[in-house]
Structure formats: structure tokens, C-alpha cells
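Read the structure below first, then the notes.
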Amino acid sequence: MKFLLRTSLGETITIDGAKIGASGARVQFAVDLGHGHLRPGLINAHDHLYRNHYPRLGSPPYRSAYEWAKDIHSRFAPQIERAEALERGDAVLFGALKNLIGGVTCVVHHDRWDASFCNRFPLRLARVRVAHSLRLERNLTEAIAGDRLTRRLALSIHLAEGTDREAADEVREAGRKGIVNDQLIAVHAIGVDSQSIELLRTAKAAVVWCPTSNNFLFGRTTPPALFEAGIDVLLGTDSLLTGEGTLLDELRQARETGYIDDERLRHAVGTVAARRLGLQEPTLAPDSAADIVFLRRPLFEAHPRDVGLVLVRGKPRFGDVEFADVFDRSAVPVEPLQVGGIPKLVAAPLATVAAKVLELSPECTRIFQ
Ligand SMILES: [Zn+2]
């Protein structure tokens, strides 16, 4: 299937199967997108796909994620049990939906690999080595080593997720374990002190920043000194168990801090994320992956209602109702979904899954408002 996407500003992209085709190539049909702009889909460097159907749990602020985890398991057990009633397959699809409505086409799932993450999954997944954290990983040595498929990939681990002394010491402890190097993607790094920042910087490690999750749990986020050190920064949503919403919310909250400039923030969900995660450079050039988002507003002002169309591997996954024909011609069955007060279309069965989730956790409605 070859088709052309054309904005009213004159931007054009040829979609050729799962890739971007040469401009000027013969196509089967053309789509006039209207006003807005095309860009590579966003990269979300941290999520837990099967925990997005949980309400935000806890009584923050906490001193560490360990304290939070202990607290929710003792005081919010009924809510956790209720959420666990959702089938895992539906849970990961809801996680995919949260990402798609935020313009994300590729995500890091910080948990074990799921058999459903194949080419038919509506979202691309970046494969990495995953260790939960220094304290909560069942077999840390094994997780750090990875398996046959992951041992050469980047290592993603929650690190210094807290504001106490223990959090500050975690980077040093990770250093003693030999994992602070250019393969490390440290998630959160909130409680880092100047020595830990220097350790991360000299080792050329990267950090995933999840501002809304951090602010919810701890009332603060990654310190400005870490950004000033020039460390590679990626951006993540975390799950709705602690995060506010989509990656668009993270971009806005990150920007409000003023810790990094707009260009660096764009790279955090684009080229820097791709490089650190071992993905192809996200561009709109011919032969790139057709992972594309059409935004009706500038990136830092966009909300899910402004996400006009999302293609993953050249297939439409989420978009405005006026693009029903693109779904139809791509043989992607659709379902209607109301987002930001606007009727949208989403690849089936994502709206059915959303309905189940909202019945279980009405709080998750916030991402569709
Ligand atoms: Zn996390």
C-alpha cells in the first residue's frame, strides 16, 4: 500500500508499506490532512504498559519509591486487587492506547517482555535490558546480564527514585555493581547529589525524566544540576499509577521547569532517545520507518485532541474521523473514541478495552478529557 499524506502547508510524505517512500512515487491515494504539521512519532522512554489502568495510588509525599510501594500494598490492597482483575492482554493494549493518543509511536516497557509485542501490536516497543531497581528486582544479577536477545542492549533501571539518603547513594551502589556506563538508562535520578551526577556524567550514562510521576510521589523532580551537567536526557510518562497522563503532559511539565531548552526537550522524545535506545534515527526521510504523527498544534501546546493522525509501521492507529478512509484502505478495523470532547477513531479493539478500563478505574478518564 502506497499513499500520500499532504498538509495544507505543503508538507508531503509518501507511505510505502511500513516505511517512508521516495517523494514523487506513484501512490494509490492521497490524504489531505489540513492545517498542522507532520513529524516522527514520539518516543516514550519509560512506561509500564500494564499499569495504566490503575488509579493514582498513595498518600504522597514519600521519601522513596520503596516507601511508596510498601505503603500502597498495605493501605491500597483492595484498589490493587480490583485493578488486577483486568486481563493482562487488555491492560497492555490500554497502555498502548494511552501512548498513541499522546502521539507516541515507540515505547520502553519497563517490565518483562510480553508475547503480544509482535508486529501486530499497535505500538512499537524498544527492547532493552530491564531491571526493576536495586532493591525490588527479584534476581538483579540475571536482570542486569540480560538474555540472549538483550545482553548487548541498553540497561533500564529505576535509580535514585526518592529524596532520602538511600536514593542519593544508589548511583554509587550501581557504580560498584559495574552498571554505571554508557549503556545505562537511569530512570528518575531524583535524589542524586553532585557526586552521583558527576559519576553519571563521566560514565556517559543517560537519564529518563518523568516529571509528573516524580512530582506526584515526591513533590519534586530530577534536580536542575543534572541537566546542567549535559547528561543525555530522555522523557518518560511512567504509568498512570503515578503519572499524570500522556507524553504531551510530560513535555509541557518538563518545559515549565525551564531546566532544559526546547531543542533538548524535542531530542529527549526524538533523536537522543532513539540513539540511546538503539533505534533508527526518527526522521521523515525516505526509507525511515513510517512511524508518524500529524499534530494540529505545535508540539509543546498539543493535547491528545490535537493529535490528528498516528501511524505506526505505516498503519493508522489513532486519528480524526475525517481520516476514516485511511483506516479503511489500510484494512485496519476502527472503533470510535471520544478524546478531548472530539470524536476520534482508534484501531480496534482499543476503544472496547478503554470502556472496560474506565468501568474499573473511572479516574483513568482523565487522559481522554
Ligand atoms: Zn517506573
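For the range 36-64, the tally of residues that are within 12 Å of the ligand (Cβ to nearest atom) and in a strand (DSSP E or B) stands at 4. ARG317 fulfils the conditions (1) surrounded by fewer than 21 Cβ atoms within 10 Å (Cβ to Cβ); (2) touching a helix residue (DSSP H, G or I) at 6+ places or on another chain (Cβ under 7 Å); (3) closer than 22 Å to HIS46 by Cα except for a single criterion, (1). ASN214 satisfies every condition listed in (1) touching a helix residue (DSSP H, G or I) at 6+ places or on another chain (Cβ under 7 Å); (2) among the polar types (S, T, N, Q); (3) within 16 Å of the ligand (Cβ to nearest atom) except (1). For VAL128, the criteria (1) modelled with pLDDT of 95 or more; (2) under 29 Å from GLN338 (Cβ atoms); (3) surrounded by fewer than 24 Cβ atoms within 10 Å (Cβ to Cβ) hold in every case but one, which is (2). Residues in the range 249-295 that are in contact with a Leu (Cβ under 8 Å, 6 or more places away or on another chain) and within 17 Å of ALA96 (Cα to Cα): GLU250, VAL269, ASP291, ILE292, VAL293. Of the residues ARG120, ARG124, the single one that is away from the ligand (no atom under 16 Å from the Cβ), in contact with a Cys (Cβ under 9 Å, 6 or more places away or on another chain) and within 23 Å of ARG313 (Cα to Cα) is ARG124. The set of residues in the range 240-276 being farther than 20 Å from ARG201 by Cβ, part of a helix (DSSP H, G or I) and among the polar types (S, T, N, Q) consists of GLN253 alone. Residue selection: GLY308 satisfies the criterion of being touching an Asp or Glu at 6+ places or on another chain (Cβ under 7 Å), more than 17 Å from PHE94 (Cα to Cα) and either of a type outside the set (A, V, I, L, M) or loosely packed, with under 14 Cβ neighbours inside 10 Å (or both).
Screening ILE80 against (1) in a loop (DSSP other than H, G, I, E, B); (2) under 18 Å from SER239 (Cα atoms); (3) of a type outside the set (D, E, K, R) leaves a single unmet condition, (1).
Among residues of the range 189-213 that are over 19 Å from THR257 (Cα atoms), those with a Cβ under 6 angstrom from a residue that is of a type in the set (S, T, N, Q), sequence gap 6+ or separate chain, pair up as ALA203/ASN181. Residues that are within 25 Å of the chain's Cα centre (by Cα), within 16 Å of the ligand (Cβ to nearest atom) and hydroxyl-bearing (Ser, Thr, Tyr): does the range 162-179 have at least one? Checking the range 162-179: not a single residue is within 25 Å of the chain's Cα centre (by Cα), within 16 Å of the ligand (Cβ to nearest atom) and hydroxyl-bearing (Ser, Thr, Tyr). Here the range 1-18 is the region considered, the condition is being out of contact with any strand residue (DSSP E or B) (no Cβ under 6 Å at 6 or more places or on another chain) and touching a residue at least 12 places away in the same chain (Cβ under 8 Å), and the residue that is nearest to the ligand (Cβ to nearest atom) is ALA18. When GLU67, GLU84 are checked against the criterion of being modelled with pLDDT of 95 or more and of a type in the set (Asp, Glu), a single residue qualifies: GLU67.
The values are calculated or read from the model by the stated rules, or taken from the named source; none is laboratory data. The structure presented is a predicted model; accordingly, all values stated were derived computationally and were not measured. Cβ: placed from backbone, ideal geometry, glycine included. Neighbour counts: every protein chain shown.
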